[in-house]
Amino acid sequence: MRFIARQIKRLVLGVLLLVGGLAAAVVATDFGLRLRYHTIKQTGVPQGPPPGFESPGERTLSGVMEGLEQVPFEPSYLGIIPAALNNNLLLALNAMRATSARMYQYPADFENTVIESFDGTPITVAVGIHGDRPRPAIVMSHGFMGSKNDHYIIDSAITAYGWGFNVLGIDLRNFGRSQALTHTPTSAGWKEGEDLLAAAKYLGEMPEVTSVGIMGFSMGAGSTMRAAYMAKEYPYLTGGAIAWNGYSDAGRMIEYIGTRPPLNNPFYPVYLGFRLMHFMRRRDMLGYVTDPEQRKHLEGGFHDADFCSYVEEIAAPHYGVTAEEYYRNASPREYLADVEVPLLVVHAADDPICPASEMDELQEVVSENPNVNIWMLPTGNHCLFRYMYRNWYETVMRDYFTYWATWD
């Protein structure tokens with residue numbers, strides 16, 4: 001009995017230490033975000049582009065890449081630790097409407113509001129606008145199961161705000177606080193591209209905004225690529241776009257993250273995490289889905305939480321398309337060759353979620369399109385460039401959007 005008591009005591013102590021560590025990480029991270037914004041407010045922001053910036057006579061993607069490729073890239077794998085502490089708990093909270101987008105908050109000067117996407121879907125956004133003069137703006141988009149309140153999104157938004165950009169963080173449909181306003185399902189980047197362009201339109205109509213760029217991560221990268229393509233029809237993307245760690249074939253990616261890998265596969269913990277979050281989201285959906293057939297699908301157990309069946313039985317029917325049409329509309333390989341605005345697609349060769357082979361396919365698709373550049377880095381994991389080498393990440397983001405911005 002004493003042995004069992006000791007083991008229980010150790011288990012309880014371990015749980016308390018884990019919870020305490022996570023709580024301490026959250027408090028420290030939140031304090032860091034607030035401190036950085038306070039510093040920005042105290043020191044002020046630039047009145048124009050960074051010192052030394054010279055507006056190019058003719059702006060080309062190859063022209064800006066010449067400079068970006070010279071930025072030193074010296075990543076550290078130790079950055080994975082703060083990334084895990086700052087974002088993994090958020091993903092679990094984001095799976096449910098009641099707790100989504102609650103942990104980290106934007107500065108009080110940012111306005112939380114609701115805009116409408118092109119199909120009428122309500123979308124929640126957080127907007128930081130400089131009121132002193134017209135400035136360029138950037139829309140920032142989270143990934144699958146994320147929200148605008150994820151640490152890396154708020155951190156990037158505050159950073160860009162400090163450079164003098166106006167910024168907008170967005171909760172894509174069915175994620176973040178947007179999921180509390182609508183039952184519209186995710187579309188793997190297809191309709192989310194319209195959400196991003198609706199946000200760009202919202203910013204572009206403000207007198208304080210000169211041009212609008214878009215930046216997205218993971219599924220947000222797929223959404224950004226879709227927005228870049230749709231900018232031909234909706235010309236609101238006027239300041240360049242960056243897609244971090246995206247994909248080529250949406251159907252292949254959904255099947256990949258939903259297929260159980262071997263236990264010794266590095267992707268296995270990620271697979272379990274995705275399935276758990278999808279299971280939690282399905283249980284949450286039972287609170288508002290009334291269709292008997294859909295409820296039957298959602299009432300399955302943990303092992304029934306399959307992404308592909310969700311698309312076939314819930315998402316695709318909602319949009320009035322087949323699963324094949326759904327995947328085709330969400331797959332950048334189908335349209336990236338026709339993109340007419342500057343688009344930089346950044347990827348890591350060791351990405352465990354969106355394999356590097358996805359970019360091999362896209363490289364062939366855009367081989368004759370000077371408006372799209374596929375930039376493969378040797379490491380960076382999945383959307384961890386900001387954590388593994390912050391200086392490189394911020395320099396690329398700042399220089400790229402500065403290059404395409406209108407600074408009048």
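Every number in this text was worked out from the coordinates using simple rules, so none of it is lab data. Because the structure is predicted, anything quoted here is derived from the model rather than measured. For neighbour counting, all protein chains shown are included, and Cβ atoms are generated from backbone atoms with ideal geometry for every residue, glycine included.
Numbers for the structure displayed
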| item | result |
| --- | --- |
| Helix 80-94 vs. the chain, principal-axis angle (Cα, 0 to 90°, nearest 10) | 70 |
| Amide hydrogen neighbours beyond the local backbone of Val209, cut-off 5 Å, H modeled | Arg135 |
| Amide H contacts of Trp375 (H built 1.01 Å from N, under 5 Å, at least 5 apart or other chain) | Val345, Val346, His347 |
| Angle in degrees between helix 219-230 and the longest Cα principal axis of the chain, rounded to the nearest 10 | 40 |
| FRET efficiency for Ser357 and Ala108, using Cβ-Cβ distance with R0 set to 45 Å, rounded to 0.05 | 0.50 |
| Hydrodynamic radius (Kirkwood) for region 292-331, which is based on Cα pairs only, to one decimal in Å | 10.6 |
| Net charge, Ile242 excluded, C-beta distance under 13 Å - Lys, Arg +1, Asp, Glu -1 | 0 |
| Rg(Cα) / (2.2 N^0.38 Å) computed for the chain, rounded to two decimals | 0.98 |
| Debye-sum result for region 234-369 in log10 I(q)/I(0), which assumes one identical scatterer on each alpha carbon, at q = 0.13, 0.16, 0.18 Å⁻¹ | -0.70, -0.97, -1.11 |
| Label zone at Glu58 (point 7 Å along Cα-to-Cβ), backbone N below 20 Å, region 361-388 | 368-373 |
| Cα long-axis angle, helix 151-163 against the chain (0 to 90 degrees, to the nearest 10) | 20 |
| Region 192-233: projected area of the alpha-carbon convex hull, averaged over directions, in nm² | 2.8 |
| Rounded to 5, percent antiparallel among DSSP beta bridges of the chain | 30 |
| Helix-only [θ]222 nm of the chain, DSSP H runs n ≥ 4, -39500 (n - 2.57) each, per residue, nearest 500 | -14000 deg cm²/dmol |
| Rounded Å value of the spacing that divides the Cα centres of region 109-167 and region 212-245 | 14 |
| Using a Förster distance of 25 Å, the FRET efficiency for Ser309-Val270 (Cβ separation, nearest 0.05) | 0.80 |
| Cross-link table Lys148/Lys232; Lys201/Lys296; Lys148/Lys201; Lys191/Lys296; Lys41/Lys232, entries beyond 29 Å C-alpha to C-alpha | Lys201/Lys296; Lys41/Lys232 |
| For Tyr106, residues with placed amide H under 5 Å, excluding near neighbours | none |
| Spin-label model distance (nm) - Arg10 vs Tyr319, 7 Å beyond Cα toward Cβ | 5.1 |
